[in-house]
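*Asks:* Quick one: the structure is below, questions incoming.
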Amino acid sequence: MQEAVTIKSGKHGVSLLCSPDVDFETLVRETCVKFANSRDFFGKSSMVISFYGRDLSFEEQEVMIQAIELNSDVRINLVMEDDQVKERSMLGQVNRFYSDKINETAQIHVGDVEDGTSISSNMSLLVLGNVYEGATIKAAGNIIVFGALYGNAIAGASPNCDGAYIVAKELYCEEATISKVSGDINVSEDSFKLFKRRKKEPVLISIMDNMLVAEPVTNELLMDLVGNNVS
């Protein structure tokens, strides 16, 4: 009998073979158990994940990711979607994100940006990790952080860059800079009331009325923003 979920570990992440023959509740429960039992094996790490064997909606994928992160020290940075994903094809997709410079529009930093570290890009910048307090990230274009933003972020650091923005999967800092606007980040209370804001949700920071304003951003939009910056 096929297990509800089978974990296959690869060089750059994990693939979950999800049985189509069990209800979703069972699938989530078994995922929780397996990652809890494998906590020491995976350790504290950031990973790419793919699901196959069963069609999962975006909402179901989010539930599965939360089940993994709540029962382990693993952080899921990217989701690769392919109905017949294999290690080689998965690697080919991941390498698109894991090079220092993907193309002429975006630069990728893999891993956390630690206290005292400064990273600068003459294009847009994607960080696959956390940006800690005391760290600075600066980009001529947009900044997207697939982790927690505690440190200093400077986007639109180019005289010809209009409409720049900063996106963080989790926002903890209170100040930022976009183009010529620098200072406190104003939370759009009306928008967040609709989304019942939590710390652990993606946030988009942009310029409105010459102020920095933070608004909720869905994970779908977050992945769309990434696609726009790397294609």
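The values are calculated or read from the model by the stated rules, or taken from the named source; none is laboratory data. Because the structure is a prediction, the values reported are computed rather than measured. Don't worry about glycine lacking a Cβ; one is built from the backbone with ideal geometry, like all the others, and counts go over all protein chains shown.
*Asks:* Which one of these does residue 152 not meet: (1) free of Cβ contacts under 8 Å to residues at least 40 places away in the same chain; (2) within 28 Å of residue 13 (Cβ to Cβ)?
*Replies:* (2)
*Asks:* Scan region 103-120 residue by residue and report those that are part of a loop (DSSP other than H, G, I, E, B), within 26 Å of residue 180 (Cβ to Cβ) and modelled with pLDDT of 90 or more.
*Replies:* Quick first cut of region 103-120, residues part of a loop (DSSP other than H, G, I, E, B) only: 103-105, 111-112, 114-117.
Within this subset, residues satisfying the condition of being within 26 Å of residue 180 (Cβ to Cβ) are 104-105, 117.
Correct list: 117 only.
Residues checked against (1) assigned to a helix (DSSP H, G or I); (2) at pLDDT below 90; (3) of a type outside the set (Lys, Arg); (4) surrounded by 12 or more Cβ atoms within 10 Å (Cβ to Cβ):
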{"position": "159", "(1), (2), (3), (4)": "no, yes, yes, no"}
{"position": "173", "(1), (2), (3), (4)": "no, no, yes, yes"}
{"position": "176", "(1), (2), (3), (4)": "no, no, yes, yes"}
{"position": "184", "(1), (2), (3), (4)": "no, no, yes, no"}
{"position": "191", "(1), (2), (3), (4)": "yes, yes, yes, yes"}
{"position": "197", "(1), (2), (3), (4)": "no, yes, no, yes"}
{"position": "207", "(1), (2), (3), (4)": "no, no, yes, yes"}
{"position": "225", "(1), (2), (3), (4)": "yes, yes, yes, yes"}
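*Asks:* Turning to a different aspect of this structure: Sort out which residues of region 39-63 are in contact with a Ser or Thr (Cβ under 6 Å, 6 or more places away or on another chain) and surrounded by 18 or more Cβ atoms within 10 Å (Cβ to Cβ), and write them in order of number.
*Replies:* Result: 50, single match.
*Asks:* I need a count of the residues in region 54-70 that are over 12 Å from residue 27 (Cα atoms), of a type outside the set (Ser, Thr, Tyr) and not in a helix (DSSP H, G or I).
*Replies:* Qualifying residue count, region 54-70: 1.
*Asks:* For region 121-143, what are the residues that are exposed (fewer than 15 other Cβ atoms within 10 Å of the Cβ) and modelled with pLDDT under 95? Can you show your working first?
*Replies:* We begin by selecting, within region 121-143, every residue exposed (fewer than 15 other Cβ atoms within 10 Å of the Cβ); these are 122, 133-134.
Of everything in region 121-143, just one residue is exposed (fewer than 15 other Cβ atoms within 10 Å of the Cβ) and modelled with pLDDT under 95, namely 122.
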